[in-house]
Amino acid sequence: MCGWLLLAAVHATVAADVVEHRLENGLTVLVLPDARAPVVTNQTWYRVGSMDEHSGITGISHMLEHMMFKGSEQYPPGEFSRIVARLGGQENAFTGRDYTGYFQVVGSEHWETVMAMEAERMHGLKLSEEEFLPERRVVVEERRLRTEDRPNSLLQEQFYATAFFNHPYGHPIIGWMTDIDAYTVEDLQDWYDAWYAPNNAVVVVVGDVDPEAVIAAAERHYGPIPARELPVRKPRAETPQRGERRTTMRIPAELPYLIMGWKTPVLVTLDDPSDAYALIVAAGMLDSGEASRFARELVRGRELANSTSARYSPFSRLDSLFTVAAVPTGDTDMETLEQALLEEIERLRDEPIDASELQRVQARVIAQEIFRRDSIQSQAFELGMLQTIGLGWEVADEYVDRIREVTAEDVQRVVREYLVPEGRTVGILDPLPIGGGA
């Protein structure tokens with residue numbers, strides 16, 4: 001079987017065996033058997049993230065994620081994690097713009113134990129001042145380490161705040177520091193009561209399991225939890241951008257950094273999904289390995305950049321950004337680098353695209369996606385993400401065919417339509433000298 005057909009065949013099995021079940025209380029359960037190893041991942045996704053927050057409580061979803069490990073009616077603080085460790089498992093959690101999730105990876109004989117524990121803390125979380133105050137300090141330090149002490153991260157945060165005026169993706173997932181400092185236990189309780197309900201959740205179980213047993217267990221553990229009336233989500237559309245926006249950050253840093261972004265639709269907001277897949281391929285043509293245009297022309301060819309990137313994801317609940325970024329070489333000024341990046345985008349827009357280049361990029365994009373899904377954890381993450389953002393897990397089976405259907409004309413059409421000057425936002429890190437104590 002040729003490489004291309006092999007990839008398509010492998011991809012088709014990723015979601016084909018998913019079993020979906022919906023409980024009377026609104027909880028969605030997805031099960032994907034994978035018996036390659038006696039291991040199971042159990043994930044619980046809530047359809048709430050930083051996009052649901054407002055000024056004053058930014059980052060509250062992430063703070064609540066931390067507090068979910070600080071005790072419930074049945075388990076005292078830290079006991080949940082100790083049980084997972086005794087079972088020889090691993091656990092963690094994550095917060096994004098569109099969702100908050102919790103997962104465990106355990107041996108196949110222990111999956112129901114962790115499922116029952118997750119069900120208990122869906123309705124039985126206990127929030128106390130004693131546990132909250134030190135954990136808030138942990139989040140403050142996390143923000144310092146991951147954002148404020150990392151110049152590129154700090155620029156990206158300011159860049160998104162510049163690109164989006166009234167769109168919720170404009171504030172950081174971890175929240176602004178002033179909001180973190182002002183959280184109260186009552187804020188967290190209100191957020192938990194509003195969003196942590198079975199009718200706002202998806203449970204995903206992937207691994208060496210029997211789907212019927214998983215669904216029966218979900219009925220036992222989650223079924224008695226009553227559904228709740230969820231808050232009404234108001235429209236969060238961004239005010240139309242009518243001209244380029246720029247932000248420059250001057251802080252101590254080792255290297256300058258440039259990032260540019262354009263407003264782009266996503267699969268949830270598009271009537272015709274072909275634009276989203278064409279944008280994926282466009283990003284791949286600019287930057288997807290050593291043979292891509294940025295690497296070939298700007299890094300190795302003209303030696304203007306030490307590193308480059310081009311990114312677009314169609315998997316979100318609201319419109320997002322197509323971004324390109326670069327770190328210049330020592331002899332390159334930012335104006336020259338910015339112009340060179342834009343010239344490559346203009347070439348992609350205006351000059352004919354060779355069929356062999358298109359096929360190579362399509363194959364690479366598909367391969368990256370397939371290899372990323374090889375683990376049970378990645379498979380579960382994709383199913384949960386697609387279901388939670390409102391696309392449905394079935395979209396996973398469309399990916400290969402949709403990428404293969406993209407034509408050179410599609411790529412040039414979306415570049416002309418979306419990567420336009422009036423929709424561009426530019427962020428520049430202009431480094432100051434680093435002092436001896438930095």
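The values are calculated or read from the model by the stated rules, or taken from the named source; none is laboratory data. The structure displayed is predicted, hence computed values, not measured ones. Because the Cβ atoms are built from the backbone with ideal geometry, glycine has one as well, and the counts that use them run over all protein chains shown.
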(request) Give Phe132, Phe165 a once-over and let me know the one that is out of contact with any Pro (no Cβ under 7 Å at 6 or more places or on another chain) and either in the same structural domain as Val324 (by TED's automatic domain parsing) or not in a helix (DSSP H, G or I) (or both). (result) Phe165
(request) Would you check if there is a residue in the stretch 386-393 being more than 16 Å from the chain's Cα centre (by Cα), outside any loop (DSSP other than H, G, I, E, B) and either aliphatic (A, V, I, L, M) or over 27 Å from Gly207 (Cα atoms) (or both)? (result) no
(request) Could you pull out the residue among Pro168, Pro211 that is over 30 Å from Asp374 (Cα atoms) and either among the hydroxyl-bearing types (Ser, Thr, Tyr) or in contact (Cβ under 8 Å) with a residue 40 or more places away in the chain (or both)? (result) Pro168
(request) Have a look at Ala237, Ala227, Ala218 and point out the one that is buried (at least 18 other Cβ atoms within 10 Å of the Cβ), in contact (Cβ under 8 Å) with a residue 40 or more places away in the chain, outside any strand (DSSP E or B) and of a type outside the set (Asp, Glu). (result) Ala218
(request) For residues that are among the small types (Gly, Ala, Ser) and touching a strand residue (DSSP E or B) at 6+ places or on another chain (Cβ under 8 Å), scanning just the stretch 88-115, find the one that is surrounded by the fewest Cβ atoms within 10 Å (Cβ to Cβ). (result) Gly88
(request) Hey, can you tell me all the residues within the stretch 93-116 that are of a type in the set (A, V, I, L, M) and touching a His at 6+ places or on another chain (Cβ under 9 Å)? (result) Ala93, Met115, Ala116
(request) Among residues belonging to the stretch 1-33 that are modelled with pLDDT of 95 or more and in a loop (DSSP other than H, G, I, E, B), point out the one that is nearest to Trp393 (Cα to Cα). (result) Val18
(request) Give just the number: which of (1) within 30 Å of Val420 (Cβ to Cβ); (2) among the polar types (S, T, N, Q); (3) not in a loop (DSSP other than H, G, I, E, B) does Asn199 not satisfy? (result) (1)
(message) Please list, ordered by residue number, the strands (runs of 3 or more DSSP E) wholly in the stretch 244-325 having 1 or more residues that are touching a residue at least 60 places away in the same chain (Cβ under 8 Å) and touching a Lys or Arg at 6+ places or on another chain (Cβ under 6 Å).
(response) 257-264
